[in-house]
Structure formats: structure tokens, C-alpha cells
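**Student:** The structure that follows is given in the form of C-alpha cells.
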Amino acid sequence: MIFETERFVIRDLLASDYEIVHELVQEPKIYQYQVWGPNSKEDTLNYLNCCIAQQSSFPRHNYEMAIIERSTNAFVGTIAIRVKDTINKKAEIGYWVKYSKWGQGYATEATRALLKFGFNQLHLNKISATVSPENIGSVTVLKKVSMRKVGILESDLLVRGVFRDSILLEITNSAFLEMPSDEDYISR
């Protein structure tokens, strides 16, 4: 699995990504709102092995992919789309980007490409995401790609011993088709 954006190659995770994935997920700002982290070496290895095993599933429902910066060939994060309901064609997305790359539009560009993949190649009807209300950066990314807030999931996730709420955002295929083209975003 591979697709490209202006700045990235987005491809399936590989066993050889282990060292960089493990290194990057040690940054507390990466996992502060997540149910995982900090990862042990075994946690990271189990995650990668699971992602790699899912690549041969047919039909495939989980796409956990690496975000590779084209200009440097550097691994800068991961992005995922998980098909949750094949009958109603629904999926959810998630991502994380290397902390030093925050605020540079990386997550927005990769997420926009992932939505395009989900609607055009996977033929989905609706894609959703959940995010901590405190994670302002991620809320901003999801709104920039035209996902709309549809509600709050109270006490949604147990994060380091405390239940936290999640904002639920989503976008439908019809709303995605009404978005400005990639060229419109690039020129802004």
C-alpha cells in the first residue's frame, strides 16, 4: 500500500521501521492523550507485528501506515484508517506526527490524503475520528480537513487511570466531494 502527497510518501509499516517508531513514541507529547505510551520495546514490536499481519488480510480492514517525508526520506509519523462497518461503509482514522514537525501542516496534509484514499479507493460513506478536548492541535487538524464535530463521548477512554471525554468528528463522502481540491489547499 502506497500513495503520495506533495511532501510525503504514505506506505505500509515495515519491520525495519521498528527503531524509529520506538524512538519517536517515547516523546510524552506524542502519547499524552492516548491510551498507549510510553511504549516498552515489546509494546512497539507487538504493534508493528500486528500492523504487518493486517497487511495480508483479505479483505483488508486496517491500514496502519508510515508517513515518510519525500525530501529527506525521514519517517515522521503514522496514520491509520480502520474500517469498522463494511455494510454501512464506516471507518475511523488516527495519526501521530513527530513532535518537532508539529505546526507545519504535516498531519493535515497526510489526513487529507487518507480521507481521499478512504473515499476513493475504499469506497467509504463516512469516516470519523475521536480526539481529546484538550488536544487542540488535533482538533484543528480535523476541522481543517472539513470533519465536523457531532458530539462528545463522555468518559470515553481510560487514559493513565483517568476516564477522559472524546470529541467525535466525522465527514461523509458527499461532504468530502464538496471540499476544495488539493490544489486549492496547496495555494493557500
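The values are calculated or read from the model by the stated rules, or taken from the named source; none is laboratory data. Keep in mind that this is a model prediction, so the values were computed, not measured. All Cβ positions, even for glycine, are placed from backbone atoms using ideal geometry, and neighbour counts span all protein chains on display. Heavy atoms of the whole protein, side chains included, go into the accessibility calculation; ligands, DNA and RNA do not. Shrake-Rupley method; radii C 1.70, N 1.55, O 1.52, S 1.80 Å.
**Student:** Just the projected area, averaged over all directions, of the convex hull on the alpha carbon atoms of the stretch 1-64: how many nm²?
**Tutor:** Details: hull surface 20.9 nm².
In nm², the orientation-averaged hull projection of the stretch 1-64 is 5.2.
**Student:** Right, here's the next one. Under the 0.36 nm per residue contour assumption, what length would be gained going from the current alpha-carbon distance of residue 57 and residue 45 to full extension?
**Tutor:** Details: separation 12, 0.36 × 12 = 4.32 nm, distance 1.91 nm.
The span from residue 57 to residue 45 would gain 2.4 nm if fully extended.
**Student:** Amide H to amide H under 5 Å from residue 135: which residues, 5+ apart in sequence or cross-chain, H placed 1.01 Å off N in plane?
**Tutor:** none
**Student:** So, by mean Cβ neighbours within 10 angstrom, what's the order for 6-15, 103-112 with the highest one leading?
**Tutor:** Working: 6-15: 16.5, 103-112: 19.5.
Ranked from most to least packed, the peptides come out as 103-112, 6-15.
**Student:** Ordering 40, 100, 138 from largest to smallest accessible area (1.4 angstrom probe), what's the sequence? List each step's numbers first, then the result.
**Tutor:** Details: 40 50, 100 70, 138 20 Å².
Solvent-accessible surface, decreasing: 100, 40, 138.
**Student:** May I ask you to give the solvent-accessible area per residue for the chain, in square angstrom, as obtained with a 1.4 angstrom probe?
**Tutor:** On a per-residue basis, 54 Å².
**Student:** Using alpha-carbon positions, what is the distance between the centroids of the stretch 1-32 and the stretch 70-127, in Å?
**Tutor:** After rounding, the separation between the Cα centres reads 12 Å.
**Student:** Another one. Under 21 Å between alpha carbons, and skipping anything fewer than 8 positions from residue 126 in its own chain: which lysines qualify?
**Tutor:** Answer for residue 126, where 21 Å is the Cα cut-off: 84, 89, 90, 116, 143, 144, 149, listed by chain and number.
**Student:** Go through 147, 131, 79 and say which Cα lies farthest out towards the positive end of the charge dipole of the chain; charges sit on Cβ, +1 for Lys and Arg, -1 for Asp and Glu.
**Tutor:** Projecting each Cα onto the dipole axis, the largest value belongs to 147.
**Student:** If I compute solvent accessible area with a 1.4 Å probe over the protein chains, what percent of it on the chain is carbon and sulfur?
**Tutor:** Details: 5210 of 10160 Å².
Solvent-exposed carbon and sulfur of the chain make up 51 percent of the total.
**Student:** Now, a different point. What's the ranking of 28-37, 165-174 by average number of surrounding C-beta atoms within 10 Å, highest first? It would help to have the intermediate numbers written out before the result.
**Tutor:** Values: 28-37: 14.3, 165-174: 18.0.
Result, highest mean Cβ count within 10 Å first: 165-174, 28-37.
**Student:** Turning to a different aspect of this structure: Using the Kirkwood radius over Cα pairs, work out the Stokes-Einstein diffusion coefficient for the stretch 95-139 at 10 °C and 1.306 mPa s, in µm²/s as a whole number.
**Tutor:** Working: Rh = 11.9 Å.
Estimated via Stokes-Einstein, D reaches 134 µm²/s.
**Student:** What do you get for Rg/Rh over the chain if you use C-alpha atoms and the Kirkwood form of Rh?
**Tutor:** On the way: Rg = 15.9 Å, Rh = 17.1 Å.
That ratio is 0.93, to two decimals.
**Student:** Would you calculate, for the chain, the mean residue ellipticity at 222 nm contributed by helices, counting each DSSP H stretch of 4 or more residues as -39,500 (n - 2.57) and dividing by all residues, to the nearest 500? Don't skip to the end; give the middle numbers.
**Tutor:** Numbers: 7 runs with 60 residues, N = 188.
-9000 deg cm²/dmol, from helical runs alone.
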